[in-house]
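S.K.: Quick one: the structure is below, questions incoming.
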Amino acid sequence: MREESPVIMNSQTGFMNIALEQARFAGDRGEVPVGAVLVCNGEIVTRAGNETRELNDPTAHAEVLVIRKACKMRNSERLPDCDLYVTLEPCPMCAAIVSFARIRRLYYGAKDMKSGAVEHGPGYYGHVTCHHVPETYSGFQEIACSKLLSDFFEGLRHKP
């Protein structure tokens, strides 16, 4: 996981740009290019890109990695004052973890018609079994996030 010094910003677009940078790093390493940034009180606490292949861990999605690290840093399983920026609509596993961690706000870029669980698929936050529903905002840098993913998968299709 690539970590850099803390950054303070006031812009959702700026935070999503850093998530996109993490997604690009993940793609450069051969991972599906998804990046996430966890922000508390306007400061980036942690950032990551997918590491499922590097770690041989199917749970090493960008969202999971940043939440795990922040919980460890804070010595708490809850992050109620934090916002999560992720380049792709969370899958069912990640949507559940966002809820379990009590993330305050979720911002994501590209919609995931196939594996998403917020607007698509199971619509996790709409179920009565979901104990915490973050404020959710979609479409941040959607074109850039979608293009990064489509270019990555297009490249895989054309590999010899």
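The values are calculated or read from the model by the stated rules, or taken from the named source; none is laboratory data. Remember, it's a predicted structure, so these values are computed and weren't measured experimentally. Remember, those area values only see protein heavy atoms, side chains included, never the ligands or the DNA or RNA. Shrake-Rupley method; radii C 1.70, N 1.55, O 1.52, S 1.80 Å.
S.K.: What percent does the relative contact order of the range 62-160 come to when contacts are Cα pairs within less than 8 Å and at least six residues apart?
M.R.: Answer for the range 62-160 is 26 percent.
S.K.: Right, something else. When the helix-only estimate is applied to the chain (DSSP H runs of n ≥ 4, each -39,500 (n - 2.57), divided by the residue count), what is the mean residue ellipticity at 222 nm, nearest 500 deg cm²/dmol?
M.R.: Using -39500 (n - 2.57) per qualifying helix, the result is -11500 deg cm²/dmol.
S.K.: Need one word for the range 14-73: rounded, prolate or oblate. Basis is the Cα gyration tensor (sqrt eigenvalues a ≥ b ≥ c); a/c below 1.5 gives rounded, then a/b vs b/c decides.
M.R.: oblate
S.K.: Additional query: For the range 37-121, rounded, prolate or oblate, judged on the Cα gyration tensor with a ≥ b ≥ c (square roots of eigenvalues), a/c < 1.5 rounded, else prolate if a/b > b/c?
M.R.: Cα axes put the range 37-121 in the oblate bin.
S.K.: What shape does the range 77-160 take by its C-alpha gyration tensor, where a ≥ b ≥ c are the square roots of the eigenvalues and a/c under 1.5 counts as rounded, a/b above b/c as prolate, and the rest as oblate?
M.R.: Prolate shape, in that a/c is at least 1.5 and a/b is the bigger ratio.
S.K.: Could you report the range 16-116's accessible area per residue, 1.4 Å probe, as an integer in Å²?
M.R.: That works out to 39 Å² for each residue.
S.K.: Using θ = phi - 60° and the Karplus form 6.51 cos²θ - 1.76 cosθ + 1.60, what ³J(HN,Hα) does each residue of the range 133-140 get, whole Hz, x for Gly and Pro?
M.R.: Couplings: 10, x, 4, 10, 10, 10, x, 6 Hz.
S.K.: Once you have all Cα-Cα distances for the chain, histogram them in 10 Å bins from zero and send the whole-percent values.
M.R.: Taking all Cα pairs of the chain, the binned fractions are 12, 44, 36, 8, 1 percent.
S.K.: For the range 111-160, what is the largest minus smallest coordinate of the Cα atoms on each principal axis, given in angstrom and ordered from greatest to least?
M.R.: 47, 21, 12
S.K.: Another question, then. Mind checking which lysines have their Cα closer than 22 Å to the Cα of Lys159? Skip sequence neighbours fewer than 8 apart in that chain.
M.R.: Qualifying lysines at Cα under 22 Å: Lys147.
S.K.: Another one. Could you work out what % of the accessible surface of the chain is carbon and sulfur, using a 1.4 angstrom probe and leaving DNA, RNA and ligands out of the count? Before the final figure, lay out each step's value.
M.R.: Details: 4300 of 8040 Å².
Roughly 54 percent of what the probe reaches on the chain is carbon or sulfur.
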